[in-house]
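The values are calculated or read from the model by the stated rules, or taken from the named source; none is laboratory data. Please read these numbers as outputs of a predicted model, since none were measured by experiment. Note that we place each Cβ from the backbone using ideal geometry, even for glycine, and neighbour counts take in every protein chain shown.
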Amino acid sequence: MHKKLLYFLFLAIVANHLPAQETVTQTKHKTWDLHALRYYPFSYPADDFIAGFIDSQKDSLKEDVSHEGRTSLDLVIYRPFLENMPAGRVQSVEDIAMRFFLKFYGQWMIYARPADKDLLDIDLSLFLYEKSGAKSVFPFIEQDELRYFLDEWTGTADFKKDKNEILSMSYKNPICNNALKTYRYFFSGETVIDSIPALEIAFFSRKPEDKAFEGFLYFSKQDTALIKAVFTLNYLNKNGIVNNILFQRKPSCEEDFFYIGNDAFAGLVLKKQRTVNNDSLPPKTQAQQALPDLIITAEKSRAYRNLQRTGMFVLNHKLGIAGDKIELGPLTHTLSVNDMEGYRFRVGANTTELLNSKIQTGGYLAYGSKDKNIKFRGDLTFSFSRNDRLNLSLVKDLNIPGRNIFDDDRDLIYKSIKTAASDCMTLQKAGYAGFEKALFNNICFVNLSAKYVYDEPKGLMHYVMPAYNEQKIRSITTFETAILLRYAPGEKYIRVRGNKYVFRQADIDVRINQRFGIKGVLDSEYNYRITDFSAAKRIILPWKVGSLDVCLSGGKVWDRVPFPLLFIPKGSQSRFVYAPDEFNLLHLYEGVSDRFLAGNMNLTFNFSPVTFFYPKSIIQTNVGLKSLYGSLSDNNNPTLHDNLFDFQGIISPMGNTPYLEGNIGLGNILHVLRVDYVYRFGASHRGAVLVSLNFSI
């Protein structure tokens, strides 16, 4: 009681001496303003005030009697921007994107409502989730997935907890026990919030790189209750995907408010409302009430449907038909060319979760103008949950030895533009069954699988065995089981149309794969054991400079097997396209080994030489290095064993010299284009300028 009396006396003295000034709450909060708080010369420390508040509120701060009842996502538009849009001057790439967006959604403006009477904003509710269900203008994504994404992206801003989880990272709250060890506090002014006179206190962490918040706290001058909090994440906290989100918390009405965007044109607002002691939610806003009419307008709008198809095509290169219950594509695989098939024509389709949320099916048919043969693939997926799935596949198609025929990237049109010959392939008939399950709160995944492959060489590829007087072997057959363990703590993703899109990379991604060949099953000819592993990590560089991606991989073949079952590095058949997951200047079938170790390092800088001439440039600088070292042991050397296939000059084993490849270039050009100069070090040194397309946001 004595402490509380001194606390209120201290509050009265300080409040009478604070200058009455216009606070940030009377204008629009910007995250950059909050990032700059630590550099402002405040004169009135508030550490003692906060210590007294924490001490007086210990019991109430531990209570947690609320639960989330409603989530809404709004598009917020700055009214002057909207009014000047037809004649406005384009300032940046963001302006172009927003004008293009609003051009097609112009008729939606009849449903726009003022976001706040004191602000020059109007808003439209685009998503509303309640216990009774979900309503959204985004039919191409399941509403539960969208809700999951929003919840995981912004986390929870609840000061009743010591820490908040945002993208699986813990941020210490500014009014919890021991908060003064992390934060500094200063009186910064007075204001009125909801007709209540309030003190404004600025706070920020003692170390800029701490996983902490920075912003303002507002306390009632009458009873010192916390009325409101406006804050963002430390600018240097290394969680770059969310450091420009503005959080607003009102404990009195159990509401969270998140603002994402640039005041120059528009932003997204996420509102989370909680019920207290199971009380009913407050009435919906005008924008939320207008959402059903907005959805009807969107469904009738051809411009909206076209924009939606464009967005989905950018994501997965597919075109939705029949109300998006069926997708055609990928359209980027429709036409390609290679030496074996000539012009390759392919037609593919798959069902989506809009037709059946538990079962999806798909596949393709392909035809070569040169070999006159039809190839096909069929897939069937059973989704027991968003993380537990059973996949069944059957395929008959040409493949490059050493590649997994179920990895569907060989038909990309721009990858088939090549300078290297592609007349050494095999015709494979393969079946696959795999079950993937998430373990331990989705930080570990296990994949149990079985695969059958009938492999018949085509073109200049031959299987010749000295033990059979150099006769050509018609085919080989294998059957294997495998267990893949993956450890990926912190990874967050959503599924859209059956595809997995990661919005937060794992802290570290470790994979161990053990394969067992079983002789005699389905006429399989070999017993073997093959182990491979990989470990990848992204390191965020300080001061928002960029990021460093590193990956280490390796493997070993434990038994004697013919070369199609050895490790064949992913060389490139193209000399025009840069592929991050390939050795771009390594020839196909070069560097075969039965044990290897590979390393990949890529530096991405969030600036480029263009920045010196145009500070708003989004172009990035990429610097990378790839290395590969391996060997072919005597156990799998065909010159020492006549029961192995000859290399015949087409296949070349890894020598004693490691392969080393470096690259430097510019990326994120118009969000799409990347250009790299790639150089191969060593005896076969040479360089090439390569390009690639990769849409980024």
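Observations on the model:
Residue-by-condition table, conditions (1) crowded, with 17+ Cβ neighbours inside 10 Å; (2) free of Cβ contacts under 8 Å to residues at least 60 places away in the same chain:
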| residue | (1), (2) |
| --- | --- |
| I518 | no, yes |
| Y528 | yes, yes |
| A535 | no, yes |
| I539 | no, yes |
| G555 | yes, yes |
| L566 | yes, no |
| V577 | yes, no |
| E582 | yes, yes |
| V592 | yes, no |
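Conditions tested, residue by residue: (1) at pLDDT 80 or above; (2) within 23 Å of W543 (Cα to Cα).
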residue: E214; (1), (2): yes, yes
residue: T224; (1), (2): yes, no
residue: T232; (1), (2): yes, yes
residue: V242; (1), (2): no, yes
residue: E254; (1), (2): no, no
residue: V269; (1), (2): yes, no
residue: R274; (1), (2): no, no
residue: A290; (1), (2): yes, no
residue: E299; (1), (2): yes, no
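- Residue check, N441 in a loop (DSSP other than H, G, I, E, B), out of contact with any helix residue (DSSP H, G or I) (no Cβ under 6 Å at 6 or more places or on another chain) and free of Cβ contacts under 8 Å to residues at least 40 places away in the same chain: yes
- Of all residues in segment 386-409, those satisfying the criterion of being touching a residue at least 24 places away in the same chain (Cβ under 8 Å), at negative phi and part of a loop (DSSP other than H, G, I, E, B) are R386, N387, D388, I400, P401, R403, I405, F406, D408.
- Members of segment 317-330 that are at pLDDT below 90 and either surrounded by fewer than 18 Cβ atoms within 10 Å (Cβ to Cβ) or not in a loop (DSSP other than H, G, I, E, B) (or both): H317, L319, G320, I321, A322, G323, K325
- Residue within segment 492-500 that is of a type in the set (A, V, I, L, M, F, W, C), modelled with pLDDT under 90 and either in contact with a Leu (Cβ under 7 Å, 6 or more places away or on another chain) or not in a strand (DSSP E or B) (or both) present: yes
- Pick from segment 606-630, criterion of a type in the set (F, W, Y) and surrounded by 16 or more Cβ atoms within 10 Å (Cβ to Cβ), ranking: modelled with the lowest pLDDT: F607
- For the condition small (G, A, S) and exposed (fewer than 14 other Cβ atoms within 10 Å of the Cβ), S385 qualifies.
- Total residues in segment 211-223, condition among the acidic types (D, E) and under 17 Å from T31 (Cβ atoms): 1
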